[in-house]
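The values are calculated or read from the model by the stated rules, or taken from the named source; none is laboratory data. Everything quoted here is computed from the prediction, not taken from an experiment. When we count neighbours, we look across all protein chains shown, and the Cβ atoms used for this are built from the backbone with ideal geometry, even at glycine.
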Amino acid sequence: MINFPNTISGLSRAETALYRRLLRRLMHKRQRNRTRSAYYDGRNELRDIGYALPPIAKDIEIVVGWPEKAVEELATRVVLDGLTGIAGAQLADTVRDLMDENDLIQTAHSVHADSFVHSCTFVAVLQGDPDAGEPEAIIQEFTADTATGEWDKRGKRLSSALLFDTDDEYEHATIMYLMSYESTIVAIHEGNAWHVIERIDNGSDRIPCELFAFKPDAKRPFGRSRISRTVMSLTDSAVRTFLRSEMQAELYSVPPRYFLGVTEDMFKDDDGNLIPKWKLMLDQALTLPADPATGEKPEVGQFSQYSFQPHVEQLRQTATMFASHTSLPPDAMGVLTDNPSSADAIDKASKDLCLLAENCQRWYAKPWQRIIERAQQVAGPDGQASPVACQWRNPATPSRAAAADAAVKLVSAGILPAESDVTYDMLDLTDSQRQTLRAEQARARAQNAIAQLKAQPSEEAADEPEATTGTPQGTRTALGQGAPELSEQS
């Protein structure tokens, strides 16, 4: 567990008050964030309700990956494919460099998934050190278990943020960033103490950090976690069901027996030790002597075999409730039915998930645009930034044939131009594919222009015999018309 410092040398009184206020907020939410991370990683502890499981069950590890499924199913539909210019403008080379240097596509996937787990995550723009091989502007994510902030309701933005950078093992904090409207304070851990090493003037009405919140509203601007209390409760129920079925599976193939008229001495081996119960249950042939005192023969009976059906039905009901709460199709939960789901049924089950993914695109579009614009100001020599727009993948994931058919119909009807970005969005083309198409279109236009220039001299040569008869065309026409008059006079 990461230990955060209580005091940092070099902070003023006001900065210390801000730091401690944000640190209390971070520690207050820390335990809940750790619990959700445990469910996402499949490390949640068994919650025994007291009477259904024996004590030995606590040593059995059962992992149910439903929380991870709920997060990943939505994250695969909220995909940032790239960035485009505004109103048909070309994307600046600075933006392309920022995307490549910061691996923005992969970073965006991590940001979206972490916001689903913890309800929110933070992305900051930091100044890099080119001499150390870093880019001019660094776009870095800070998860909610290592970062927090204060929300400005009037300005609809973060008014301050506390961010901790950690080592690769995620065990020790190494760098601290304290951001406010005025400046960004950088502190590091050296020896046994923390101290400030740099102050950077923000020079803007926004701090260089953006909040990515899932399902934000006026009451909870930092969003809500997709791993909600309902998700955790249903997961606990599924774990208990799996555990009961695993314990019953040990005896599922062996029907229970009962014995009448036996004594304990009849179940001892030659050395006088009691024969284990599991061996008695698995013995194919069981021999028991008669009682020497009474001469009565023992009676062996058998109960009906246990059935797995109650566990299967309970697990199916739990999975159905989980799928309904998370807007997942039942097939994604591993619930099998006698009649497979049709294509229309699958589309209907995924409709709510697609609508939720479209809302996520709206929630995350503005923060990404501000992050890229801020990174341009940090990386650019003149501090200027060109506006950009996010390019999202269609959350419905239609087939290539269906998308192409819809695009062809709109282009044929004259509603969309063939080379429009909207048409490319409908075809679900990636940013690299769009760049290739635009380069080929520019090459084709250049070749057409060259062909037209080559055709002009040939056209002028075709008109040249008429122009080289010695007299203008108008003079020839007048002479031709006056020739009969000359012959009459002669």
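Here are some conditions: (1) assigned to a strand (DSSP E or B); (2) β-branched (V, I, T); (3) at pLDDT 95 or above. T174 meets all but one. Which one does it not meet? All conditions are met except number (3). Exactly one condition in (1) part of a loop (DSSP other than H, G, I, E, B); (2) within 26 Å of the chain's Cα centre (by Cα); (3) surrounded by fewer than 16 Cβ atoms within 10 Å (Cβ to Cβ) is false for G155; which is it? Checking G155 against (1) part of a loop (DSSP other than H, G, I, E, B); (2) within 26 Å of the chain's Cα centre (by Cα); (3) surrounded by fewer than 16 Cβ atoms within 10 Å (Cβ to Cβ), the one that fails is (2). Somewhere in region 189-199, is a residue charged (D, E, K, R) and either over 26 Å from E373 (Cα atoms) or in contact with an Asp or Glu (Cβ under 7 Å, 6 or more places away or on another chain) (or both)? Within region 189-199, one or more residues are charged (D, E, K, R) and either over 26 Å from E373 (Cα atoms) or in contact with an Asp or Glu (Cβ under 7 Å, 6 or more places away or on another chain) (or both). The residue that is farthest from the chain's Cα centre (by Cα), counting only those in region 111-145 that are within 24 Å of V378 (Cα to Cα) and of a type in the set (S, T, N, Q), is Q127.
Put simply, of A365, A389, A375 the only residue that is touching a residue at least 12 places away in the same chain (Cβ under 8 Å) and not assigned by TED's automatic domain parsing to the domain that holds F212 is A389.
Here's the yes/no breakdown for (1) assigned by TED's automatic domain parsing to the domain that holds C209; (2) at pLDDT 95 or above; (3) out of contact with any helix residue (DSSP H, G or I) (no Cβ under 7 Å at 6 or more places or on another chain):
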position	(1), (2), (3)
D93	yes, no, yes
R96	yes, no, yes
S115	yes, yes, yes
Q127	yes, no, no
A132	yes, no, yes
I139	yes, yes, no
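Filter region 1-42 down to the residues that are hydroxyl-bearing (S, T, Y) and in a loop (DSSP other than H, G, I, E, B), then identify the one that is nearest to the chain's Cα centre (by Cα). The qualifying residue nearest to the chain's Cα centre (by Cα) is T7.
Does at least one position in region 188-199 carry a residue that is within 21 Å of A144 (Cα to Cα), in the same structural domain as E141 (by TED's automatic domain parsing) and part of a strand (DSSP E or B)? Yes: region 188-199 contains one or more residues that are within 21 Å of A144 (Cα to Cα), in the same structural domain as E141 (by TED's automatic domain parsing) and part of a strand (DSSP E or B).
Looking at region 200-215, which of the residues that are out of contact with any Asp or Glu (no Cβ under 9 Å at 6 or more places or on another chain) and in a strand (DSSP E or B) is farthest from H118 (Cα to Cα)? If you could, list the steps in order and put the result at the bottom.
Initially, region 200-215 is screened for residues out of contact with any Asp or Glu (no Cβ under 9 Å at 6 or more places or on another chain), giving 200, 203-211, 213-215.
Pick out the ones that are also in a strand (DSSP E or B) and you get 200, 209-211, 213.
Details: I200: 29, C209: 17, E210: 15, L211: 12, A213: 9 Å.
By that ranking, first place goes to I200.
Out of the residues in region 70-102 that are without any contact (Cβ under 8 Å) to a residue 24 or more places away in the chain and over 19 Å from Q433 (Cα atoms), which is surrounded by the most Cβ atoms within 10 Å (Cβ to Cβ)? Full working, then the answer.
Within region 70-102, the subset without any contact (Cβ under 8 Å) to a residue 24 or more places away in the chain is 76, 87, 90, 93, 96, 99-100.
Adding the requirement that they be over 19 Å from Q433 (Cα atoms) leaves 76, 87.
Values: T76: 15, A87: 7.
Applying the filter and picking the extreme gives T76.
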